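Only one structure is covered here, and it is reproduced in the block below.
The values are calculated or read from the model by the stated rules, or taken from the named source; none is laboratory data. Model, not experiment: these values are computed from the prediction. Cβ sites come from the backbone with ideal geometry, for glycine too, and all protein chains shown count toward neighbours. Side chains included, ligands, DNA and RNA excluded: accessible areas come from the protein's heavy atoms. Shrake-Rupley method; radii C 1.70, N 1.55, O 1.52, S 1.80 Å.
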Amino acid sequence: MKTILVVEDNAICREPIAATLRLNHYQTLEASNGVEALQLAVENHPDLILLDLSMPVMDGLTFLGKLRGADETRKTPVIVLTAATDREAVLHAAQMGVSSFLLKSNFSNTELISRVHSILGAPVADATEQASASKAPSKPKAAA
């Protein structure tokens, strides 16, 4: 199962995003600032990171710079999820190789999942889901 790190300081945004990803068969990790996120990224090697730019402790651009500076996380795909319309910050993030941008003002679960699928591919149901689907009761045959 693919793992996605959701980095967002606002729990009201972060938790529903993580829940949506889990409902779509992704494992999630959550961080409320760049320091937490960097530790989780180095320890867990997520397949994708959703990153807010405006955060306390360590902002998203600083986090992205550190992420790109470490060999083990240099190539991790990142989708920037931000309310920031700061053109300079967006251009700087683009220069650091982010995969995509989602503006919070235009955010939808459908668009989020579409972007995630475009980077990671559609998830494959895990073995327990496949087993329970194959063990579904069959319809009884009518007596002749």
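From the list GLU88, GLU111, exactly one residue is at pLDDT below 85 and either farther than 22 Å from MET1 by Cβ or not β-branched (Val, Ile, Thr) (or both). Which is it?
GLU88
Which residues, taken from segment 41-60, are open to solvent by less than 40 Å² (accessible area, probe 1.4 Å) and not charged (D, E, K, R)?
Within segment 41-60, ALA41, PRO46, LEU48, ILE49, LEU50, LEU51, LEU53, MET55, MET58, GLY60 qualify.
For GLY97, all conditions in the list (1) in contact with a Ser or Thr (Cβ under 8 Å, 6 or more places away or on another chain); (2) under 19 Å from LEU120 (Cβ atoms); (3) of a type outside the set (Phe, Trp, Tyr); (4) at pLDDT below 85 hold save one; what is the number of the exception?
All conditions are met except number (1).
Of everything in segment 46-61, what is part of a loop (DSSP other than H, G, I, E, B), touching a strand residue (DSSP E or B) at 6+ places or on another chain (Cβ under 8 Å), modelled with pLDDT under 95 and not charged (D, E, K, R)? Give them in sequence order.
LEU53, SER54, MET55
Considering only segment 62-85, state which residues are out of contact with any strand residue (DSSP E or B) (no Cβ under 6 Å at 6 or more places or on another chain), aliphatic (A, V, I, L, M) and at pLDDT below 90.
If the condition is that a residue be out of contact with any strand residue (DSSP E or B) (no Cβ under 6 Å at 6 or more places or on another chain), aliphatic (A, V, I, L, M) and at pLDDT below 90, then ALA70, ALA83, ALA84 are the ones that fit.
Please go through segment 91-123 and pick out each residue that is open to solvent by 60 Å² or more (accessible area, probe 1.4 Å), under 18 Å from PRO16 (Cα atoms) and among the aliphatic types (A, V, I, L, M).
Correct list: LEU103 only.
Give me the pairs, please: first residue somewhere in segment 111-127 and within 15 Å of LEU81 (Cβ to Cβ), second residue anywhere and at pLDDT 80 or above and part of a helix (DSSP H, G or I), beta-carbon distance under 9 Å, and either six or more positions apart or on two chains.
LEU112/ILE17; LEU112/THR20; LEU112/LEU21; ILE113/THR20; ILE113/LEU21; VAL116/LEU21
Select, from ASN24, ASN10, the only residue that is out of contact with any Phe, Trp or Tyr (no Cβ under 9 Å at 6 or more places or on another chain), closer than 21 Å to LEU103 by Cβ and open to solvent by 60 Å² or more (accessible area, probe 1.4 Å).
Of the residues listed, the single one that is out of contact with any Phe, Trp or Tyr (no Cβ under 9 Å at 6 or more places or on another chain), closer than 21 Å to LEU103 by Cβ and open to solvent by 60 Å² or more (accessible area, probe 1.4 Å) is ASN10.
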